[in-house]
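The values are calculated or read from the model by the stated rules, or taken from the named source; none is laboratory data. Remember, it's a predicted structure, so these values are computed and weren't measured experimentally. Reconstructed Cβ throughout: ideal geometry from the backbone, glycine too, with neighbour counts over all protein chains shown. All accessible areas refer to the heavy atoms of the entire protein, side chains included, with ligands and DNA or RNA removed. Shrake-Rupley method; radii C 1.70, N 1.55, O 1.52, S 1.80 Å.
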Amino acid sequence: MQYVAPVAIGVLYALLMSFVREPHRRRLNAVMLAGAGAAYLSGGGLGGWEFAFTALLAYVAFRGLDSWTFIGVGWLLHTAWDVVHHLKGSPIIPFAPTSSMGCAICDPVIALWCLRGGPSLIDLVRRRRRGHRSGTGGSTPVEPAGHPGTGAPAPSGSSG
(Lines give C-alpha, C1' and ligand atoms only; values in the text may rest on other atoms or scores of the structure.)
Protein backbone atom coordinates (compact mmCIF):
# COMPACT_ATOMS: atom_id res chain seq x y z
CA MET A 1 0.00 0.00 0.00
CA GLN A 2 2.99 2.27 0.61
CA TYR A 3 3.65 2.25 -3.15
CA VAL A 4 0.12 1.95 -4.51
CA ALA A 5 -1.35 4.94 -2.65
CA PRO A 6 1.12 7.50 -4.09
CA VAL A 7 0.41 6.25 -7.63
CA ALA A 8 -3.34 6.50 -6.96
CA ILE A 9 -2.86 10.04 -5.63
CA GLY A 10 -1.02 11.01 -8.83
CA VAL A 11 -3.81 9.59 -10.98
CA LEU A 12 -6.43 11.30 -8.80
CA TYR A 13 -4.57 14.61 -9.21
CA ALA A 14 -4.67 14.26 -13.02
CA LEU A 15 -8.33 13.24 -12.87
CA LEU A 16 -9.32 16.24 -10.74
CA MET A 17 -7.31 18.58 -12.96
CA SER A 18 -9.30 17.21 -15.90
CA PHE A 19 -12.28 19.23 -14.70
CA VAL A 20 -10.35 22.43 -15.45
CA ARG A 21 -10.49 23.53 -19.08
CA GLU A 22 -7.45 24.53 -21.11
CA PRO A 23 -5.55 26.85 -21.03
CA HIS A 24 -6.46 27.28 -17.37
CA ARG A 25 -5.46 23.66 -16.62
CA ARG A 26 -1.88 24.28 -17.78
CA ARG A 27 -1.62 27.57 -15.90
CA LEU A 28 -3.06 26.09 -12.70
CA ASN A 29 -0.56 23.24 -12.93
CA ALA A 30 2.27 25.75 -13.26
CA VAL A 31 1.06 27.43 -10.07
CA MET A 32 0.80 24.05 -8.31
CA LEU A 33 4.37 23.25 -9.37
CA ALA A 34 5.62 26.55 -7.96
CA GLY A 35 3.91 25.73 -4.67
CA ALA A 36 5.45 22.26 -4.63
CA GLY A 37 8.85 23.89 -5.08
CA ALA A 38 8.42 25.65 -1.75
CA ALA A 39 7.03 22.61 0.09
CA TYR A 40 10.25 21.85 1.94
CA LEU A 41 11.11 25.43 2.94
CA SER A 42 9.59 25.26 6.42
CA GLY A 43 11.46 22.05 7.26
CA GLY A 44 14.81 23.48 6.25
CA GLY A 45 16.34 20.01 6.11
CA LEU A 46 18.88 21.03 3.49
CA GLY A 47 19.60 24.56 4.67
CA GLY A 48 20.22 27.22 2.02
CA TRP A 49 19.79 24.66 -0.75
CA GLU A 50 16.05 24.82 -0.03
CA PHE A 51 16.01 28.41 -1.30
CA ALA A 52 18.04 27.54 -4.39
CA PHE A 53 15.67 24.71 -5.26
CA THR A 54 12.62 26.92 -4.67
CA ALA A 55 14.08 29.55 -7.01
CA LEU A 56 14.83 26.92 -9.67
CA LEU A 57 11.33 25.48 -9.53
CA ALA A 58 9.80 28.98 -9.55
CA TYR A 59 11.61 29.64 -12.85
CA VAL A 60 10.56 26.28 -14.30
CA ALA A 61 6.97 26.90 -13.19
CA PHE A 62 7.02 30.34 -14.79
CA ARG A 63 8.11 28.75 -18.07
CA GLY A 64 5.37 26.18 -17.49
CA LEU A 65 2.72 28.87 -17.80
CA ASP A 66 3.12 28.32 -21.55
CA SER A 67 4.55 24.80 -21.72
CA TRP A 68 3.40 21.42 -20.43
CA THR A 69 6.94 20.16 -21.02
CA PHE A 70 8.38 22.58 -18.46
CA ILE A 71 5.72 21.53 -15.96
CA GLY A 72 6.56 17.84 -16.51
CA VAL A 73 10.28 18.51 -16.13
CA GLY A 74 9.54 20.50 -12.97
CA TRP A 75 7.73 17.53 -11.42
CA LEU A 76 10.70 15.32 -12.29
CA LEU A 77 13.02 17.83 -10.59
CA HIS A 78 10.73 17.72 -7.55
CA THR A 79 10.95 13.92 -7.63
CA ALA A 80 14.74 14.14 -7.37
CA TRP A 81 14.41 16.63 -4.49
CA ASP A 82 12.03 14.22 -2.74
CA VAL A 83 14.59 11.43 -3.01
CA VAL A 84 17.34 13.68 -1.61
CA HIS A 85 15.06 14.60 1.28
CA HIS A 86 14.16 10.98 1.91
CA LEU A 87 17.85 10.04 2.10
CA LYS A 88 19.46 13.13 3.68
CA GLY A 89 16.90 15.77 4.65
CA SER A 90 13.67 15.97 6.54
CA PRO A 91 10.39 14.46 5.30
CA ILE A 92 7.87 16.67 3.54
CA ILE A 93 5.33 15.82 6.27
CA PRO A 94 7.19 16.02 9.60
CA PHE A 95 5.15 13.30 11.37
CA ALA A 96 5.30 10.86 8.40
CA PRO A 97 8.90 9.67 7.97
CA THR A 98 8.33 8.09 4.53
CA SER A 99 6.28 10.97 3.11
CA SER A 100 9.11 12.21 0.89
CA MET A 101 9.46 8.77 -0.66
CA GLY A 102 5.69 8.66 -1.23
CA CYS A 103 5.96 12.04 -2.92
CA ALA A 104 8.85 10.72 -5.04
CA ILE A 105 6.54 7.94 -6.26
CA CYS A 106 3.56 10.25 -6.87
CA ASP A 107 5.39 13.06 -8.69
CA PRO A 108 6.52 11.03 -11.73
CA VAL A 109 2.91 9.97 -12.32
CA ILE A 110 1.97 13.64 -12.50
CA ALA A 111 5.07 14.38 -14.61
CA LEU A 112 4.15 11.73 -17.18
CA TRP A 113 0.64 13.15 -17.46
CA CYS A 114 2.09 16.65 -17.93
CA LEU A 115 4.64 15.47 -20.50
CA ARG A 116 1.70 14.02 -22.48
CA GLY A 117 0.24 17.53 -22.57
CA GLY A 118 -1.99 17.30 -19.49
CA PRO A 119 -4.92 15.75 -21.36
CA SER A 120 -8.35 15.60 -19.80
CA LEU A 121 -8.66 12.02 -18.53
CA ILE A 122 -12.43 12.47 -18.53
CA ASP A 123 -12.41 13.32 -22.25
CA LEU A 124 -10.12 10.36 -22.99
CA VAL A 125 -12.54 7.96 -21.27
CA ARG A 126 -15.53 9.50 -23.07
CA ARG A 127 -13.80 9.17 -26.45
CA ARG A 128 -12.93 5.54 -25.79
CA ARG A 129 -16.50 4.74 -24.76
CA ARG A 130 -17.87 6.41 -27.90
CA GLY A 131 -15.34 4.55 -30.02
CA HIS A 132 -16.36 1.18 -28.57
CA ARG A 133 -20.08 1.92 -28.94
CA SER A 134 -19.77 2.96 -32.57
CA GLY A 135 -17.72 -0.12 -33.36
CA THR A 136 -14.73 1.83 -34.59
CA GLY A 137 -12.56 0.65 -31.73
CA GLY A 138 -10.52 3.83 -32.01
CA SER A 139 -8.48 3.91 -28.84
CA THR A 140 -5.87 6.32 -30.16
CA PRO A 141 -6.60 9.85 -28.97
CA VAL A 142 -6.70 12.49 -31.66
CA GLU A 143 -4.14 15.29 -31.22
CA PRO A 144 -5.95 18.66 -31.18
CA ALA A 145 -5.04 21.26 -33.75
CA GLY A 146 -2.36 23.70 -32.69
CA HIS A 147 0.95 23.16 -31.05
CA PRO A 148 0.99 19.63 -29.55
CA GLY A 149 1.38 19.51 -25.79
CA THR A 150 1.16 23.26 -25.29
CA GLY A 151 -2.55 23.97 -25.51
CA ALA A 152 -1.69 26.92 -27.76
CA PRO A 153 -3.78 27.51 -30.86
CA ALA A 154 -2.31 26.96 -34.29
CA PRO A 155 -0.93 30.07 -35.92
CA SER A 156 -3.24 31.59 -38.51
CA GLY A 157 -2.20 31.46 -42.13
CA SER A 158 -2.68 35.21 -42.56
CA SER A 159 0.05 36.34 -40.18
CA GLY A 160 3.39 37.31 -41.72
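Details
- Charge sum, other residues only, whose C-beta stays under 15 Å from R63's C-beta, Lys/Arg counted +1 and Asp/Glu -1: +1
- Inter-label distance, nm, simple model (7 Å from Cα along the C-beta direction), L16/D123: 2.1 nm
- Neighbour-limited loop hits for trypsin sites (Lys or Arg not before Pro), the stretch 1-72 (at most 16 other Cβ within 10 Å; DSSP other than H, G, I, E, B): R21
- A simple rule links phi to the HN-Hα coupling: the Karplus curve 6.51 cos²θ - 1.76 cosθ + 1.60 with θ = phi - 60°, which for the stretch 65-70 gives 4, 10, 8, 5, 4, 4 Hz, with x for Gly and Pro.
- In range of the label at R63: residues from the stretch 80-109 whose backbone nitrogen is under 18 Å from the point 7 Å along Cα→Cβ: 80-81
- Summed over all non-identical Cα pairs, the Kirkwood treatment of the stretch 1-136 gives a radius of 15.5 Å.
- Stretch gain in nm, segment F95-H132, where the contour uses 0.36 nm per residue and the Cα spacing is subtracted: 8.6 nm
- The accessible-area ordering, largest first, of the residues D82, D123 stands as D123, D82, per a 1.4 angstrom probe.
- Loop-located chymotrypsin sites (Phe, Trp or Tyr not before Pro) in the stretch 3-66 (DSSP state not H, G, I, E or B) with no more than 14 neighbouring Cβ atoms inside 10 Å: Y3, F19.
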